[in-house]
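The block underneath contains the structure these notes are about, expressed in C-alpha cells.
Any read-out appearing in this document is the output of simple, stated calculations on the displayed coordinates, not a laboratory observation. Here the structure is a predicted model, which means the values were calculated and not measured. Note that we place each Cβ from the backbone using ideal geometry, even for glycine, and neighbour counts take in every protein chain shown.
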Amino acid sequence: MRSNSGLPGFARDRPGLALGLSILAVELVGASGAIFTAQGLGEWYSSLVRPAIAPPNWVFGPVWTALFALMGVAVWLVWRQAPTDPDGAKLAIGVFVVHFIFNLGWSAVFFGQQALGAGLLVILALWVLIVTTIMVFDRVDRRAALLLVPYLLWVSFATYLNYQFWVLN
C-alpha cells in the first residue's frame, strides 16, 4: 500500500527507484567538479612537484565514483527516515548539501584557480564538514554514517596530498 506522504515518503514507497535516484544525483553533482579538474590537469598540474605517495591520475576517477555511490546510498538511507524523523533527516540532508558545496569548491579552488594554499583551507573545512555530516547522519541512521567513513579516509589522504603539494610547490 502506498502512502501519500510525498517526497519524504517516496524513499520508502519506491525504495529501488529512490536509491537509484539518490546515487545518480550524487554521481552527477560530484562529477560536475571534473570540469575544474580538467582545467588544471594540463600543463599546470603536470608541472608541479608531486609528493612521493601521490597515486597515478587514473586512480582518482574510479575512487571518486565509488565514494559518490556510497554517499548516494547514505543519503538514501537518511531520506528513508524522513517520515519518522523529519527534523533529523532534514538537518542531515542540509548538512550534506553544505558539505557537498565544499567538495565541489575544492576542485574549483585547487584545479580551477590553481591555488594550492587556498585549496588546503577548503579541504580542511571539507574534512570538518564530513565529520559533521557523519555525526548528523549517525543520529538518523548509523549505516548511513558508516558509509561515509571511506570518504573521510580518502579526504584525509587528499588533505595530506594537498598539504604536500603546497609545501613542495
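Values as computed for the structure displayed
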quantity	calculated
Set of the stretch 49-74 residues, backbone N closer than 12 Å to the point 7 Å along the Cα-Cβ line of Q114	none
Relative contact order (%) - criterion: Cα under 8 Å, at least six apart; region: the stretch 51-169	33 percent
Alpha carbon Rg of the stretch 27-169, scaled by the compact-globule rule 2.2 N^0.38 Å	1.09
Kyte-Doolittle at least 1.6, axis length at least 20 Å by Cα - qualifying DSSP helices, the chain	15-31, 116-140
Förster radius 25 Å - calculated FRET efficiency between V59 and M135 (Cβ-Cβ, nearest 0.05)	0.30
Contact order normalised by residue count of the stretch 76-131, Cα under 8 Å, 6+ apart, percent	28 percent
Relative contact order for the stretch 1-114, counting Cα pairs under 8 Å that sit 6 or more residues apart, in percent	45 percent
Förster radius 22 Å - calculated FRET efficiency between A66 and W166, Cβ distance, rounded to 0.05	0.25
For the stretch 29-146, with +1 on Lys and Arg beta carbons and -1 on Asp and Glu, the positive-most of T133, A145, L67 along the dipole	A145
Cα-centre dipole for the chain with unit charges at Cβ (Lys and Arg positive, Asp and Glu negative), debye to 20	320 debye
